[in-house]
1. At R0 = 56 Å, how high is the FRET efficiency between B:HIS88 and B:GLU262 if r is their beta carbon distance? Nearest 0.05 is fine.
2. Just name one of B:ALA158, B:LEU20, B:SER114: the one whose Cα is farthest towards the positive end of the charge dipole of chain B (beta-carbon charges, Lys/Arg +1, Asp/Glu -1).
3. If you take each beta carbon of peptide A:46-59 and count the beta carbons of other chains within 10 angstrom, what is the mean?
4. Peptide B:173-183: average number of partner chain Cβ atoms within 10 Å per residue?
5. Over the C-alpha atoms of the stretch B:2-102, what are the Rg and the largest Cα-to-Cα span, Dmax, in Å?
6. So what is the relative contact order of chain B, in percent, for Cα pairs below 8 Å that sit 6 or more residues apart?
7. Which ³J(HN,Hα) values, rounded to whole Hz and listed in residue order, are derived for the stretch A:66-75 from phi using the Karplus coefficients 6.51, -1.76 and 1.60 in 6.51 cos²θ - 1.76 cosθ + 1.60 with θ = phi - 60°, glycine and proline given as x?
8. For B:ARG253, B:ARG25, B:ARG147, B:ARG294, what's the fewest-to-most ordering of other Cβ within 10 Å of each Cβ?
Amino acid sequence: MTLYDETIDCKGMQCPMPVLKTKMKIDTMAAGKVLKLITSDPGSCKDIPAWAERVGHKLLSNEETDEGYLFYIERGE
Amino acid sequence: MESFTALELFESMKNGEVFLVVDVRNESDFNESHVEGPSDFEIVNIPYFDFIEDEANCLAKVPTDIELKIICAKESSSVFVATILESHGYQNLSYLENGFQTWGDLLVPTRLHSNGYNLWQFIRPAKGSCSYVLGHGNEMFIFDPSRNVEFYNEFAAANGMKISHVFETHLQADYISGGPQFEDVIYAVNDEDFSWAAYEYYSLADEEIFTLSGGYQVQVIHSPGHTPGSTTFIIDNKWMISGDTVFILSIGRPDLGGQVVEWAKQLYHTLKTKITVLPDNLMTLPGHFSCWKREFNDGVIGKTFGEIIELNSNIYSIDNENTFVEFIKDNMQPQPDVYSEIRKVNVGVINPDSCKQKEMDIGKNQCAASAAQQ
């Protein structure tokens with residue numbers, strides 16, 4: 001179980017919304033804090049990791065669960 | 001805001017129009033597969049999430065003096081990016097309706113023959129593959145259909161025809177066949193490839209002849225090599241549906257089944273005893289093509305068998321089995337991992353949901369390998 005500080009639920013949203021909402025949320029967090037993100041759009045499987053890498057956030061884990069696609073992202077500097 | 005369909009995009013390419021495709025999908029999806037076609041248009045990949053993070057830098061990559069065609073996975077990210085571009089004064093832009101998947105599924109029918117019977121080639125630009133439709137009266141035969149079965153059914157209905165037979169040149173590994181999904185048809189395939197199928201099928205025999213209404217004949221030639229069950233069909237002594245045995249710029253690779261020497265030998269014997277003995281004037285219609293520039297002429301992928309033998313004289317001139325096997329081995333390339341899964345779907349032993357099948361059919365999906373990343 002990964003520990004996290006904040007959570008955001010993007011189920012039911014299609015791209016670009018999950019990335020947009022995640023960006024807005026993580027921008028409010030301090031570096032090193034962890035965001036738990038859930039999406040239902042299969043497109044986010046690759047888009048979220050690709051975006052996080054681009055921006056300098058650290059993707060701690062990424063898995064498909066019964067609830068949806070679950071990501072833990074650590075805010076970068 | 002203007003939009004375009006996948007077919008309209010293909011027509012724009014075919015007409016040699018000048019435009020820039022802005023593909024806003026992520027980089028790995030773009031690298032796996034992106035729009036290509038019969039003309040050299042410009043294309044750039046700028047993921048939509050880059051527009052979210054660094055708009056100015058993205059705008060700097062998009063020229064203002066050329067028509068822009070924006071493509072994303074579904075549609076909404078294209079509209080998102082188009083809206084940003086419009087707000088910065090870009091005017092000549094449009095987006096792909098329903099996203100990249102519609103390009104992946106696109107079939108472009110072209111009539112090859114209309115005297116007596118009708119023969120159409122259905123080019124699938126995204127895969128570089130071709131299927132064929134033969135019709136007379138109200139009867140229709142289909143060869144190597146892709147998974148967009150609805151399109152073939154609607155095409156048959158629009159021409160007042162009913163699909164009676166669906167043939168496969170072999171068990172496909174690179175795309176999901178629509179064959180098993182057709183209802184109330186004879187699904188005619190070769191045992192050597194399909195004996196492990198989870199459904200009933202009609203087993204093709206070498207030299208068997210099918211007669212279309214009107215008396216037009218389709219001759220079956222068992223031509224093992226690319227796969228053990230590979231089959232070539234000769235229509236009306238004029239057309240060769242060559243599947244993955246004869247290509248315009250190559251031959252089908254016999255190494256996909258992991259038995260390269262044995263299958264290469266089979267292919268050598270097939271070419272020598274069953275294929276090169278066919279008349280040079282047969283118009284050869286392959287299952288795949290690789291080069292729009294050299295293979296797509298007047299809207300059609302096809303050449304006479306004589307021209308093909310000349311174009312590939314380095315292959316057809318080999319007259320020794322061992323030399324042929326060595327030639328094959330020297331030209332081997334790795335095959336995508338998804339091929340073994342696609343074969344299983346095509347014989348019905350696995351049945352992933354439609355969404356998963358779309359992904360398999362268009363390219364590899366990396367979602368399952370989702371352990372913690374460093």
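Just so it is clear, none of the values below were taken in a lab; they were calculated from the coordinates. Bear in mind the structure is a predicted one, so any value in this text is a computation, not a measurement. Glycine gets a Cβ as well: all are built from the backbone with ideal geometry, and neighbour counts include every protein chain shown.
1. 0.40
2. In chain B, that residue is B:SER114.
3. So the per-residue partner count for this stretch is 5.
4. 0
5. That works out to 12.4, 36 Å for Rg and Dmax.
6. 12
7. Those phi angles translate into 4, 6, x, 8, 10, 10, 10, 10, 9, 4 Hz.
8. In increasing order of surrounding Cβ atoms, one gets B:ARG294, B:ARG253, B:ARG147, B:ARG25.
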